[in-house]
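Contents: one structure, followed by commentary.
The values are calculated or read from the model by the stated rules, or taken from the named source; none is laboratory data. From a predicted model like this one, the values you see are computed outputs, not experimental measurements. Positions of Cβ are generated from backbone atoms using ideal geometry, with glycine treated the same way; all protein chains shown enter the neighbour counts.
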Amino acid sequence: MTDEQQQLLQRIYAQQQLTEQNIGLYQQQLELIQALIRSYQSGLMILEEIENKKEGEEMLMEVGGKIQVQAKLVNPKKVIRGIGRNVKIEQSTADARKALEEQLENFGKQYDVLRQEYEKNLVQAQALSNQFEQIAAQIQGAMGKSEEE
């Protein structure tokens with residue numbers, strides 16, 4: 001194997017490792033966005049249920065972990081929504097629903113962009129792997145021919 005071939009294999013291997021790391025990062029980000037989407041969809045479903053209730057009416061509220069509590073609505077037209085780190089605002093259920101819908105739309109767009117990048121990296125990783133294998137096979141073929149001579 002020549003120095004040039006060895007350097008080429010090392011470069012392809014390094015690119016392949018970097019691409020694999022990127023794939024792992026994209027997977028983590030996609031999983032995080034999926035979890036956020038599920039959480040916001042759950043919140044949206046509860047808000048829609050609350051909007052159809054009257055003051056003083058009781059309902060089961062999901063608190064997580066498949067646990068529900070019986071709750072009596074004091075004011076079903078107003079909710080408290082977190083908008084940042086320890087920052088909460090009071091707003092109408094309709095405004096909160098609209099904000100959740102917008103956020104879900106943004107998450108969907110982010111997910112689509114990340115998914116495309118993830119898939120591009122998968123294709124690149126496969127191409128690098130094929131290139132690495134092809135060069136390695138050429139080197140082995142050349143080494144076999146030189147040994148026969």
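Under the condition of being in contact (Cβ under 8 Å) with a residue 40 or more places away in the chain and either touching a Cys at 6+ places or on another chain (Cβ under 7 Å) or in a helix (DSSP H, G or I) (or both), the residues counted in region 1-30 number 15. Figure legend. Inter-residue proximity from region 40-68: first residues farther than 23 Å from GLU101 by Cβ and of a type outside the set (Phe, Trp, Tyr), second residues assigned to a loop (DSSP other than H, G, I, E, B) and at pLDDT 90 or above, beta-carbon distance below 6 Å, spacing 6+ or different chains. Indicated pairs: GLU57/LEU73. Regarding GLN34, is this residue part of a helix (DSSP H, G or I), surrounded by 13 or more Cβ atoms within 10 Å (Cβ to Cβ) and not acidic (Asp, Glu)? Spelling it out, it is not the case that GLN34 is part of a helix (DSSP H, G or I), surrounded by 13 or more Cβ atoms within 10 Å (Cβ to Cβ) and not acidic (Asp, Glu).
Considering the conditions (1) out of contact with any helix residue (DSSP H, G or I) (no Cβ under 7 Å at 6 or more places or on another chain); (2) under 20 Å from ARG97 (Cα atoms); (3) surrounded by 11 or more Cβ atoms within 10 Å (Cβ to Cβ), LEU25 is excluded by exactly one of them, (2). Among the residues of region 69-126, those that are farther than 24 Å from GLU57 by Cβ, hydrophobic (A, V, I, L, M, F, W, C) and in a helix (DSSP H, G or I) comprise LEU104, PHE107, VAL113, LEU114, LEU122, VAL123, ALA125. With the condition kept exactly as written, say whether any residue in region 98-114 is touching a Gly at 6+ places or on another chain (Cβ under 9 Å) and farther than 21 Å from ILE23 by Cβ. Checked region 98-114: at least one residue is touching a Gly at 6+ places or on another chain (Cβ under 9 Å) and farther than 21 Å from ILE23 by Cβ.
For region 82-105, the set of residues classified as within 22 Å of the chain's Cα centre (by Cα), without any contact (Cβ under 8 Å) to a residue 60 or more places away in the chain and surrounded by 12 or more Cβ atoms within 10 Å (Cβ to Cβ) consists of ALA99, GLU101, listed by residue number.
Within region 41-61, does at least one residue satisfy the condition of being closer than 23 Å to LEU114 by Cα and surrounded by 12 or more Cβ atoms within 10 Å (Cβ to Cβ)? Scanning region 41-61 turns up at least one residue that is closer than 23 Å to LEU114 by Cα and surrounded by 12 or more Cβ atoms within 10 Å (Cβ to Cβ).
The one condition from (1) among the aliphatic types (A, V, I, L, M); (2) touching a Ser or Thr at 6+ places or on another chain (Cβ under 9 Å); (3) buried (at least 16 other Cβ atoms within 10 Å of the Cβ) that LEU122 does not meet is (3). Kindly establish whether GLN131 is assigned to a helix (DSSP H, G or I) and at pLDDT 95 or above. Here the answer is no, as GLN131 does not meet what is asked.
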